[in-house]
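What follows is calculated from the coordinates using simple rules that are stated; it is not laboratory data. The structure presented is a predicted model; accordingly, all values stated were derived computationally and were not measured. Glycine also receives a Cβ, built like all others from the backbone with ideal geometry; neighbour counts cover every protein chain displayed.
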Amino acid sequence: MLDPFGHEVLEDPAEFHATIREAGAVVHLERYDVYAMGRYEHVHAALTDWQGFQSGAGVGLSNFRYEKPWRPPSLLLEADPPRHDAPRTVLTRILGQRALRRLRTQWMDDASELVDSVLAAGPSFDVVTALAAAFPLRVFPDAVGIPRDGRENLLPYGDHLFNAFGPHNDLVAAGAPRVAELSAWVNAQCARDVLTPDGFGARIWAAADHGDITHEQAPLVVRSLLSAGVDTTVHGLAAVLYAFATTPGAWQRLRAEPALARVAFDEAVRWESPVQTFFRTATTDIKVDDTIVPDGKKILMFLGAANRDPRRWPDPDRFDLDRDPSGHVGFGMGIHQCVGQHVARLEAEALLTALAARVSDITLDGSPVRHHNNTLRAWESLPVRVTAE
Ligand code: OVV
C-alpha cells in the first residue's frame, strides 16, 4: 500500500482515502504497524471515546509509552482527563465566543485595511501570502500578546510541529536543523513578562494566579496557542479562498448573502480538512467491527477521509454552500475538539466579509502549488485574479 506520508499521497490524498475507507472500518498499515480509520462513523466514534482511544501517549506516530517526545507534551492535545481538563477549561473561556466579542470590530477593520492594500497593488496576487498568511499573522500574535520581533518564526515552527506528528521522513529531516532555535524562541514568548497585559497570554497567566491552573502550566498553555493557532488558520483560510476561486457561482452566492461567510468556512474545513490526520492510542484491546486493535497500538484517524465519506456526505467532493457541514471532524470531535475554532471562524468571517465587499469575482490565475506537510493539507501558492469594484 502507498505511504500515507509519502509525497504522492500528500499531493493528492483522495484515492488513498477511498482505499482506506473501502478496506474496512479499521485497517492495519504494515509499513508503520499502526491501524487506520477513514470512515466517518468510526472516526467520529473513536474521537468521542477518549477512554478507549487516548491522546496522552501522543497524537503523532511516536508512542510516548516507549519513546521520548521531541518537546514537552502539550497539556491539552497530548493529555487525557483528568490532567487535560483544567487547562482545557481555562482556554475554553479565554477563546470562547463571548470573550472574542471585544476583538470583532478591530479584526473587521484590520481585514478591510489589508484587503484595500492588497487590491491597491493590482488584481493578480498570491492569495496565500497576501491574505491567508498575512491576515492571521497580523491579528493573532497581537491577540495573544507576543512582541513583534521574531514573528517570522511562527509559521516555520508550526510547519515542523505538524510534520513531527508523522514519521521521521524527509519533511522532518528538512525541519530538524532549526528545531532548537525555533523552539527556544517560541518558549521564550510564553513567559509572563514578555506578554502584553491584555492578551490571551496574559489571561492564561491570570488564570494561574486565580488557581485554575498552576504557574508551571501557564507557559505550556501559551505554547499551545502559538503551536496550534497560526499554520492551521493560514491553511484554513487558504482552503476557503481556494474553494471560492474554483467553485462556479460560489463567490456570487457569498456576495448576495455575506452571512454565509461562517458556514462557508466550515464547509471548506470539511472539504479540505487543513488538519488531515491525528493518531490515538488504544488503551486496551479494542474491537472495531471485526478487528481487534491491540492495547498500546497507534490508530491513525483520517479526518480528511471521514469528511469526504460518501456514507455520510452526499456528493462529498463538492464544496457546497447549501450543505450543512456541522458534524464534520475537521476540528476533531469530543473532548479535544479544537478549542480555538471560534478564533478561526472570526478570522474567516472578517477576511471573507472584507473581500466580498470589494471584489466581485475571484478566479485562479495560474497553477496552484501544494505545500507538503505530514499533517496539514496546505498550499505553497495560490495565484488568483480578482475583479475589484
Ligand atoms: C491542535 C494542536 C496542534 C498542535 C499543537 C497543539 C495543539 C498544542 O497544544 O501544542
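What the table below lists for this structure:
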read-out: Residue match in region 177-199 (condition: away from the ligand (no atom under 13 Å from the Cβ), under 25 Å from GLN337 (Cβ atoms) and buried (at least 23 other Cβ atoms within 10 Å of the Cβ)); value: no
read-out: Checking HIS160 against (1) within 23 Å of the chain's Cα centre (by Cα); (2) farther than 16 Å from PRO147 by Cα; (3) in contact (Cβ under 8 Å) with a residue 60 or more places away in the chain, the condition it does not meet; value: (3)
read-out: Selection count, region 186-225, where residues are in a helix (DSSP H, G or I) and over 13 Å from the mean Cα position of the chain (by Cα); value: 22
read-out: Single residue of region 340-376 satisfying the filter (in contact with a Ser or Thr (Cβ under 6 Å, 6 or more places away or on another chain) and not polar (S, T, N, Q)) that is surrounded by the fewest Cβ atoms within 10 Å (Cβ to Cβ); value: VAL369
read-out: Filter pass, PHE125 being of a type in the set (Phe, Trp, Tyr), buried (at least 16 other Cβ atoms within 10 Å of the Cβ), assigned to a helix (DSSP H, G or I) and touching a strand residue (DSSP E or B) at 6+ places or on another chain (Cβ under 8 Å); value: no
read-out: Qualifying residue in region 226-238 (condition: crowded, with 23+ Cβ neighbours inside 10 Å, acidic (Asp, Glu) and assigned to a helix (DSSP H, G or I)); value: yes
read-out: Filtered residue count, region 44-83, keeping only those that are at positive phi and part of a strand (DSSP E or B); value: 0
read-out: Criterion violated by LEU75 - all others in (1) over 28 Å from LYS298 (Cβ atoms); (2) crowded, with 20+ Cβ neighbours inside 10 Å satisfied; value: (1)
read-out: Complete set of residues in region 284-317 that are in contact (Cβ under 8 Å) with a residue 24 or more places away in the chain, of a type in the set (Lys, Arg) and loosely packed, with under 13 Cβ neighbours inside 10 Å; value: ARG311
read-out: Options ALA46, ALA23, ALA14: the member that is farther than 22 Å from ALA173 by Cβ and over 23 Å from the mean Cα position of the chain (by Cα); value: ALA23
read-out: Members of region 142-170 found to be within 16 Å of the ligand (Cβ to nearest atom) and in a helix (DSSP H, G or I), listed by number; value: VAL144, ASN153, LEU154, LEU155, PRO156, TYR157, GLY158, ASP159, HIS160, LEU161, PHE162, ASN163
